[in-house]
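Have a look at the structure that comes next, please.
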Amino acid sequence: MSAVVIRILLRYGAGLLVAKGLLAPEAGLVLAEDPDVQVLMQVGFGLCAGLVSECWYVLARRLGWAK
């Protein structure tokens, strides 16, 4: 995922948390614009995607779907 998409998702997520009152408005801005958080999100999404694909492959092997 590109940094632009991550930034957009973080802004929407931070806006939702601010709207629900779970996050202060200042913290929402910091979360949405911090480059370190964006890098952590990119790495996290990459690791999750890899983990999901590997789990799906293991499931397919056990059920005989994989060749």
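Roughly how many nanometres apart are two label points built 7 Å out from the Cα toward the Cβ at Glu33 and Cys55?
3.6
I've got another one for you. Please list, in order along segment 11-18, the HN-Hα scalar couplings obtained from phi with the Karplus expression 6.51 cos²θ - 1.76 cosθ + 1.60 (θ = phi - 60°), rounded to whole Hz, x for Gly and Pro.
Listing the rounded values in order: 5, 5, x, 5, x, 5, 5, 5 Hz.
Where does the charge balance sit around Ala32 when Lys and Arg score +1, Asp and Glu -1, over other residues with C-beta under 9 Å from its C-beta?
In short, 0.
With the Cα gyration tensor of the chain in hand, give its eigenvalues times 5 under a square root as the equivalent ellipsoid semi-axes, listed largest first in whole angstrom.
Working from the Cα gyration tensor, I get semi-axes of 34, 13, 8 Å.
Still on this structure: Say R0 is 30 Å: what FRET efficiency, to the nearest 0.05, do Ala66 and Val4 get from their beta-carbon distance?
0.25
Of all the accessible heavy-atom surface of segment 1-63, with the other protein chains kept in place and a 1.4 Å probe, what percent is carbon and sulfur?
71
The values are calculated or read from the model by the stated rules, or taken from the named source; none is laboratory data. Small disclaimer: the values here were computed from a predicted structure and weren't measured. Counting neighbours? That spans all protein chains shown, and the Cβs are built from the backbone with ideal geometry, glycine included. Side chains are part of the model used for accessible areas, which takes the heavy atoms of the whole protein and leaves out ligands, DNA and RNA. Shrake-Rupley method; radii C 1.70, N 1.55, O 1.52, S 1.80 Å.
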